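The values are calculated or read from the model by the stated rules, or taken from the named source; none is laboratory data. Note that the coordinates shown come from a computational prediction; the quantities given were computed from them, not determined experimentally. So basically every Cβ, Gly included, is an ideal-geometry build from the backbone, and we count neighbours across all protein chains shown. Keep in mind that these areas ignore ligands, DNA and RNA; they rest on the heavy atoms of the full protein, side chains included. Shrake-Rupley method; radii C 1.70, N 1.55, O 1.52, S 1.80 Å.
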Amino acid sequence: MASIAPISTSFINKEINHSAFSLSWPLFLQRYERSSSKKICSVMSPQQAERKPATTGSVKTGMTMTEKILARASEKTKLIPGENVWVNVDVFMTHDVCGAGCFGVFKKEFGQDAKVWDPEKIVIIPDHYIFTSDERANRNVDILRDFSLEQNIKYFYDINDLSDFRANPDYKGVCHIALAQEGHCRPGEVLLGTDSHTCTAGAFGQFATGIGITDAGFVLGTGKLLLKVPPTLRFVLDGEMPDYVLAKDLILQIIGEISVSGATYKTMEFVGTAVESLSMEERMTLCNMVIEAGGKNGVVPADGTTHKFLEDKTSVAYEPLYSDENARFLSEYRFDISKLEPLVAKPYSPDNRALARECKDVKIDRVYIGSCTGGKTEDFLAAAKVFLASGKKVKVPTFLVPATQKVWVDIYSLPVPGSGGKTCSQIFEEAGCDTPANPSCAACMGGPRDTYARMNVPQVCVSTTNRNFPGRMGHKEGQIYLASPYTAAASALTGFVTDPRKFLH
């Protein structure tokens with residue numbers, strides 16, 4: 001039994017003790033836990049000092065995808081949850097909100113004249129507080145520029161002319177979407193960023209997570225970080241996706257089940273036929289909100305969809321990794337997606353789940369479609385589909401914020417299926433929406449008072465963003481209902497929280 005000794009008792013106890021998940025489970029959800037208590041009793045039985053190893057070799061336990069990625073990045077052959085290992089970083093990202101801080105830590109600890117570990121593995125993206133007259137926000141972008149020039153950073157997506165974002169060919173927009181569009185997300189790699197929603201990149205089958213500015217300063221100087229290996233929760237999503245359901249509904253359902261702390265410092269691995277059917281952008285939505293469940297990271301196994309997306313994005317060789325069949329998962333959850341209905345998360349928490357149809361009496365003041373969660377090309381195509389099907393005009397101000405320049409171009413150029421060649425922008429204009437804004441994070445995190453679409457007075461908003469805590473989009477008394485682009489568009493048309501099935505037949 002000596003070969004099993006590295007398995008920690010604390011991990012095993014967590015694996016068989018699920019009292020933290022005292023939830024009521026709907027009929028369409030079946031929760032399965034790997035019953036490993038017998039095996040655990042066997043491998044953890046008292047050892048005899050004189051007993052010799054079995055001649056058939058050691059007992060082998062498989063690894064999860066996250067464990068494999070971290071093992072390779074730390075040059076180890078085997079890892080188990082709870083181990084602390086020095087990990088080699090493949091890509092590091094920072095933006096205007098955190099850049100100045102991590103640069104300061106880097107210079108303080110490594111020296112004013114120190115050089116970063118690899119200027120071609122660092123991605124610097126201004127995206128949060130860009131289109132504002134706030135001097136401190138503007139200064140943060142200047143600091144990014146100065147550091148990038150000083151360090152010869154290859155991937156700095158600069159913006160100089162705030163009056164017209166199109167005059168800045170290097171400017172991209174929201175970091176998490178830009179990382180994918182520019183080919184910085186690759187299966188099997190480790191991507192760290194100074195933003196909690198860095199977990200979005202897990203959609204590509206890589207380990208991606210947010211870190212603080214102190215850790216970031218250390219990564220800038222060494223290209224390494226000490227990480228604790230997280231245990232993995234596995235979510236098996238099967239069944240055919242209904243036409244009125246999007247990945248936003250899937251992740252709201254999951255968070256509603258396990259709570260905003262249900263995946264604290266755990267990997268959330270998504271598999272199943274429903275996941276396999278998702279586009280890359282929808283998989284990004286799924287992984288984006290892992291942090292809202294407390295997760296360390298989220299992962300989707302790379303497949304043909306992943307490889308096709310990356311064909312024209314990167315020339316860097318990559319090697320996907322996958323969970324072993326005998327990998328140990330802390331818990332496994334199974335969902336029949338075919339029975340899922342459109343959802344919202346009511347104020348003031350992403351786990352305050354409700355059916356959209358149950359909130360039909362909630363009068364709203366505005367709708368916001370944008371962010372790293374809901375501002376991608378397919379999100380706007382989904383909203384346009386609802387507006388097109390209704391043939392009506394919106395009844396409340398409806399703000400549209402493309403995540404990146406590419407998304408903005410798509411809004412004005414891609415025809416919406418079934419529209420007779422109309423683009424999203426034409427359909428939005430006919431519906432009476434606001435003109436699509438400059439690509440950025442905009443009002444998702446509030447920002448300076450002059451930030452586009454910021455809530456400066458108490459209002460009720462249906463939003464495709466990821467958080468609805470008090471003050472999240474500006475005013476501390478504002479109320480945010482998190483929803484999919486389908487539900488957001490349907491709500492804009494009625495002035496109430498609305499199930500999109502009202503318009504999608």
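Numbers below:
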| item | result |
| --- | --- |
| Accessible surface of the chain, 1.4 Å probe, proportion on carbon and sulfur as whole % | 51 |
| Candidate aspartates and glutamates for bridging to K108, where Cα separation is under 20 Å - those fewer than 8 sequence places away on the same chain excluded | D96, D118, D142, D146, E150, D215 |
| Members of K266/K406; K376/K422; K107/K406; K107/K296; K248/K406 lying beyond 23 Å, as alpha-carbon distances in this model show | K266/K406; K107/K406; K107/K296 |
| Accessible area, probe 1.4 Å, largest first, for residues W117, W86, W408 | W86, W117, W408 |
| FRET E, pair E240, S315, Förster distance 35 Å, beta-carbon r, rounded to 0.05 | 0.45 |
| DSSP beta bridge pairing in the chain, given as percent antiparallel to the nearest 5 | 30 |
| Potential lengthening between E120 and H307 on full extension [0.36 nm per residue; Cα-Cα distance subtracted] | 65.1 nm |
| C-alpha center-to-center spacing [segment 216-249, segment 328-385] in angstrom | 18 |
| Rg(Cα) / (2.2 N^0.38 Å) computed for the chain, rounded to two decimals | 0.99 |
| Label-point separation in nm, S338 to K228, each point 7 Å along Cα→Cβ | 4.2 |
| Whole-percent pair-distance distribution, where bins are 10 Å wide, for the alpha carbons of segment 56-135 | 14, 29, 27, 18, 9, 2, 1, 0 |
| All lysines inside 21 Å of K395 as judged from Cα atoms, apart from same-chain residues fewer than 8 positions distant | K346, K360, K363, K385, K502 |
| For segment 129-185 and segment 276-318, distance of Cα centres in Å | 24 |
| Neighbourhood charge, 12 Å Cβ-Cβ cut-off, centred on K172 and excluding it, Lys, Arg +1 and Asp, Glu -1 | -3 |
| Zero-based 10 Å bins, Cα pair distances in segment 392-488, whole percents | 16, 44, 31, 8, 0 |
| Of the trypsin sites (Lys or Arg not before Pro) in segment 321-408, those whose Cβ has at most 13 other Cβ within 10 Å and which sit in DSSP loop | K393 |
| Per-residue [θ]222 nm for the chain (sum of -39500 (n - 2.57) over DSSP H runs n ≥ 4, rounded to 500) | -8500 deg cm²/dmol |
| Charge sum, other residues only, whose C-beta stays under 13 Å from S261's C-beta, Lys/Arg counted +1 and Asp/Glu -1 | -1 |
| Residue-normalised accessible area of the chain, expressed per residue, 1.4 Å probe, Å² | 41 |
| Segment 91-172: radius of gyration and largest Cα-Cα distance (Dmax), Å | 12.6, 38 |
| 10 Å Cβ shell holding at most 13 others, DSSP loop, GluC sites (Glu not before Pro): longest site-free stretch of the chain | 326-476 |
